[in-house]
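*Asks:* After the C-alpha cells below, expect a handful of questions from me.
The values are calculated or read from the model by the stated rules, or taken from the named source; none is laboratory data. The model shown is predicted, which means the values in this text are computed figures rather than measured ones. Cβ atoms come from the backbone with ideal geometry, glycine included; neighbour counts cover every protein chain shown.
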Amino acid sequence: MKILIQFSEPMDASTISNTNITLWDITGAVDQQVNGTVTFDPATNTAIFTPSSNLDVGPSSYEIRISTDVQSIYSNILSGTYFSSFQTCTTSCIDTTGPTLISYVPTGTNVSINSSILATFNEPLNPLTVTSANFYVQDSFGSPVSGTLTYDPPTNTIIFNPDSDLAQFTTYNVYITTGITDLAGNPASVSTPAWSFTTGGVPDTTPPNVIATAPFNGQTNVPVTTVITVTFDEPVDPLTINNTNFKLFGPSGEVTGTVTYDSLTLTATFTPSTFLEGGALYTAEIQNVKDMAGNTMLSPYTWSFTTNVPEWNPGDDPSQWNANQGTNCASNWVQTSTTYVSPPYSWYYEIPPGGGSKNNDCAMVSAIPIDLSGLTSVTLGFYHQMFLKDNGPSDDYGLVEVCGASLDCTNPANWVELARYSGKFTWRRETIDLSAYAGTQIYLRLRLYTDGQVPSQYWYYDDLIITGS
C-alpha cells in the first residue's frame, strides 16, 4: 500500500523526505515509526510514502505526519504539523484488485478532430506510473499520436492532449498497459485496446454550457450547510475546475472552500470551508472552464441564492449547553481560543494524561429542547477534530446522540445514536440528516467515551448548527 499526499502548490522537492513525512503505528500505548521511502511527483505536487513491508492486519491504526519543515518553492510552510489517521481492515485483506476504468471520452463516431482524451479510474493511481509508455494513442494503422500526458489525482483522471488535430474520419485506439498501477501496486485491469473512437471531419468549436446549478438562481431558504454545484452539458477538462475559476461571494466577500469535479455527472462542487451565514445573499461564479476540445466558456456564469436562518445556532454561548454530564467526567468540556474553525472559540474535552484517560463517559447536552416544529427537512452540521485511540468499535469514540423531548431523557435507553467517530484527524465537516425528527422537539448530546487504556487525548468541535426547511 502506498500513501499519497497532494499539496496545493509546487513544492521544494528537497524538503519532501522520510524525515519530514513519516508514518506511525499508533495502535499501542507507544507510537512506533514505520520504515518506508518517500518519493515526489512534481507534475501533480504529490508525495508518495511507500512502507518497507505490508502494514499489520487490523484493527491496526496508523497516522501519517507531515512536519513544518516541508515547504513550497515559494518558501511557504504548513501552519502546523499535519496528521491524518486510518485503520487497516480486520482480516487478511491485502488489496489484489487492479484499478478499472469507470468513464472515458471521447467515444463513438464523428468525434471532433481537436478533442482531448480522458480516462477516469475507480481508485487513486500511482502517479509515477502514468507515463507515455503506459498510456498512449495510435491510429488504426499503428501510427502513434504525439501529445502531452497529465494526471489529476483528485479525480483519478488521466488526460491526453494531442499536439495537433487528429486526422479526419480516422479510427483511433487508446492503450492502457498493466504498467499503470494503483497505490497497492496492482496493475490496471483494462482490455486491449482500452477503447476506440472515430473522428469526423470538423473540429469542435462549441464551448461548454452550464445546464443546472444547486442551489438554483434566486432560490431562498437555502440551508447554511449547503454545498454549491454546477453541471455542464458536456465533459470538461478537470484541470480547469479549480478555486480560480469557481468562486462564491457572500456578505463578507469571497468565501474560501474546496472545489471538486465528478466526471460521471459532469458536475463541479464548491464546498465552503465554514458553514454559510444565515439569512444572507450569496453569489456563485464559474468561468474559464474548457471542454475536451479546448473551447472555453464564452462568459462567466453567475447565480445567486439566499440562505435561511438556522433553527438552532448555539455559537459560543455556554448557556446553550449543560456541560460535563455523564458517569465519569475526569476532565471538563470547556471553551478554548487556541484552535477553532470560526473565532473566537471552539469547545473541547481534553482527556487527562495517564490514569485519568481511562473510562471517561462525559457529555455536552443542549440546555433546552430544540424546536423543529413546522419543518420537513432538518440537518445537523458541525466541524470537529479528534485524537482518540481507535482499535475497533468498542474502543475510544465520540458519539452524537438525540433524545425526543417528550421522552424521559434521564433514561439512557431513550438516547439514539446518530453518528460515532474515532481515530485522529484534523478539522473536518460533518452533516447529519435529522429529518426523522422534523415536527418535534429534541435534545442533542455530544458524548465522549474512553475505555481502560491510555493514549487518547481530545475531541474538539465548532460551528454546530441545526438548520431546516
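*Asks:* If T22 passes every condition in (1) assigned to a loop (DSSP other than H, G, I, E, B); (2) closer than 30 Å to D451 by Cβ but one, which one does it miss?
*Replies:* The single condition T22 does not satisfy is (1).
*Asks:* Looking at P208, P203 in this structure, which one is under 30 Å from S304 (Cβ atoms) and part of a loop (DSSP other than H, G, I, E, B)? Spell out how you get there, then give the answer.
*Replies:* Values: P203 fails: under 30 Å from S304 (Cβ atoms).
Selected residue: P208, the only one of P208, P203 that is under 30 Å from S304 (Cβ atoms) and part of a loop (DSSP other than H, G, I, E, B).
*Asks:* Would you mind telling me which numbered condition in (1) more than 27 Å from M386 (Cα to Cα); (2) crowded, with 16+ Cβ neighbours inside 10 Å; (3) at pLDDT below 95; (4) out of contact with any Lys or Arg (no Cβ under 8 Å at 6 or more places or on another chain) L118 fails?
*Replies:* (3)
*Asks:* If we keep just the residues of region 213-261 that are closer than 23 Å to W312 by Cβ and small (G, A, S), which is surrounded by the fewest Cβ atoms within 10 Å (Cβ to Cβ)?
*Replies:* Filtering first and then ranking leaves S252.
*Asks:* Can you find a residue that is over 22 Å from the mean Cα position of the chain (by Cα) and charged (D, E, K, R) anywhere in region 239-258?
*Replies:* No, region 239-258 contains no residue that is over 22 Å from the mean Cα position of the chain (by Cα) and charged (D, E, K, R).
*Asks:* Here is a further query. Do any strands (runs of 3 or more DSSP E) lying entirely in region 120-193 carry at least 2 residues that are more than 34 Å from the chain's Cα centre (by Cα), and which ones are they?
*Replies:* 135-139, 171-176
*Asks:* If you don't mind, there's one more thing I want to ask. Keeping to region 427-448, report how many residues are part of a strand (DSSP E or B), among the aliphatic types (A, V, I, L, M) and in contact (Cβ under 8 Å) with a residue 60 or more places away in the chain. Write out each step before concluding.
*Replies:* Initially, region 427-448 is screened for residues part of a strand (DSSP E or B), giving 427-433, 441-448.
Going one step further and asking which of them are among the aliphatic types (A, V, I, L, M), we end up with 432, 442, 444, 446, 448.
Of the ones still in play, those that are also in contact (Cβ under 8 Å) with a residue 60 or more places away in the chain are 442, 444, 446, 448.
Residues flagged as part of a strand (DSSP E or B), among the aliphatic types (A, V, I, L, M) and in contact (Cβ under 8 Å) with a residue 60 or more places away in the chain within region 427-448 amount to 4.
*Asks:* A follow-up question, please. Does T37 satisfy the criteria of being outside the structural domain of Y421 (by TED's automatic domain parsing), loosely packed, with under 15 Cβ neighbours inside 10 Å and not in a loop (DSSP other than H, G, I, E, B)? Can you show your working first?
*Replies:* On the way: outside the structural domain of Y421 (by TED's automatic domain parsing): yes; loosely packed, with under 15 Cβ neighbours inside 10 Å: yes; not in a loop (DSSP other than H, G, I, E, B): yes.
Yes.
*Asks:* Ok, one more. Given the structure, is N359 closer than 18 Å to E430 by Cα and outside the structural domain of P272 (by TED's automatic domain parsing)? If you could, list the steps in order and put the result at the bottom.
*Replies:* Numbers: closer than 18 Å to E430 by Cα: no; outside the structural domain of P272 (by TED's automatic domain parsing): yes.
Against the criterion (closer than 18 Å to E430 by Cα and outside the structural domain of P272 (by TED's automatic domain parsing)), N359 does not qualify.
For every residue, the table says whether it meets (1) in a loop (DSSP other than H, G, I, E, B); (2) over 30 Å from Y449 (Cβ atoms); (3) touching a residue at least 60 places away in the same chain (Cβ under 8 Å).
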site: G279; (1), (2), (3): yes, yes, no
site: T283; (1), (2), (3): no, yes, no
site: W303; (1), (2), (3): no, yes, yes
site: T327; (1), (2), (3): no, no, no
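*Asks:* Somewhere in region 131-151, is a residue under 30 Å from S273 (Cα atoms) and hydroxyl-bearing (S, T, Y)? Show your work before the answer.
*Replies:* Filtering region 131-151 down to residues under 30 Å from S273 (Cα atoms) leaves 150-151.
Narrowing the set further to residues that are hydroxyl-bearing (S, T, Y) leaves 150-151.
Looking through region 131-151, at least one residue is under 30 Å from S273 (Cα atoms) and hydroxyl-bearing (S, T, Y).
*Asks:* Moving to a separate point now. Out of curiosity, is P251 outside the structural domain of E123 (by TED's automatic domain parsing) and free of Cβ contacts under 8 Å to residues at least 40 places away in the same chain?
*Replies:* For P251, the condition - outside the structural domain of E123 (by TED's automatic domain parsing) and free of Cβ contacts under 8 Å to residues at least 40 places away in the same chain - is met.
*Asks:* Among the residues of region 426-453, which ones are crowded, with 20+ Cβ neighbours inside 10 Å and either more than 27 Å from D408 (Cα to Cα) or over 24 Å from the mean Cα position of the chain (by Cα) (or both)?
*Replies:* Y437, I442, Y443, L444, R445, R447, L448, Y449, T450
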